[in-house]
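**Student:** Can you read through this structure? Questions will come right after.
The values are calculated or read from the model by the stated rules, or taken from the named source; none is laboratory data. The shown structure was predicted, so the numbers you read here are calculated from the model rather than taken from an experiment. Every residue, glycine among them, receives a Cβ derived from its backbone with ideal geometry; neighbour counts consider all protein chains shown.
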Amino acid sequence: LDGKLAYALKGPAYDYLKQFDAIVLNDYRLPTDDPYTQDLRTYVENGGGLVLLYDMAWEFAPLFPEIAKRAEPHDEVEEGRYVGCNNLMVTKDFEGFQGIDVNGELPLSSPKHVILEPGPEGQVLMENCFSDAVCIVGQVGKGRVVFFGGNYQRGEFEGDLKGLEHDTFMALIDWVAQ
């Protein structure tokens, strides 16, 4: 992650979480009403940064309904909730996306992704080729949350993120860590 430290999550108790500037979750399997999961919300409300990817974005939408909600796909549906589409479109000028043009295409390493619907406080940053929201960001209390439906699970894409996809992903992490 470009000089950033990465750790395995050892149990998201708030006292443990608060030491991190940003947390990126790709695969975390607890219900949103679990006390550990609720600690993630407390972490964000108190100034933490959280990036939820792929299934986590879809499954954890109820934890931050003011930012994002689950959306049911209707186009190119795979396995019930996934959409297959190779490119995203940046829809909003965003402070963290230097050098990334609004309406510019962002090719994905893996076309399979989930879609979301913005909550009242969420800003859509990227959409897929069907104009479905794939990346939504927002402020919760003193912290920030990113919902990104892109798929970065091992085995679903080859190699490391490169180019514009890498730069965009790192910009999202940097934004929540501010």
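**Student:** Output the residue which, of all residues in the range 2-52 that are modelled with pLDDT of 85 or more and of a type in the set (Gly, Ala, Ser), is surrounded by the fewest Cβ atoms within 10 Å (Cβ to Cβ).
**Tutor:** 47
**Student:** While we're here: Would you please list the contacts, defined by Cβ atoms under 8 Å and residues six or more apart or on different chains, that run from a residue in the range 119-131 that is small (Gly, Ala, Ser) to a residue that is surrounded by fewer than 19 Cβ atoms within 10 Å (Cβ to Cβ) and not in a strand (DSSP E or B)?
**Tutor:** Listed pairs, sorted by first residue: 119/65; 119/66; 122/66.
**Student:** Please tell me if residue 55 is part of a helix (DSSP H, G or I), modelled with pLDDT under 80 and charged (D, E, K, R). Explain how you work it out, then say what you get.
**Tutor:** Values: part of a helix (DSSP H, G or I): yes; modelled with pLDDT under 80: yes; charged (D, E, K, R): yes.
Yes, satisfied.
**Student:** Residues that are at pLDDT 80 or above and more than 15 Å from residue 164 (Cβ to Cβ): list the strands (runs of 3 or more DSSP E) wholly contained in the range 66-147 that include at least 3 such residues.
**Tutor:** Numbers: elements: 68-70, 82-84, 87-90, 105-107, 116-118, 123-128, 133-140.
The qualifying strands (runs of 3 or more DSSP E) are 68-70, 116-118, 123-128, 133-140.
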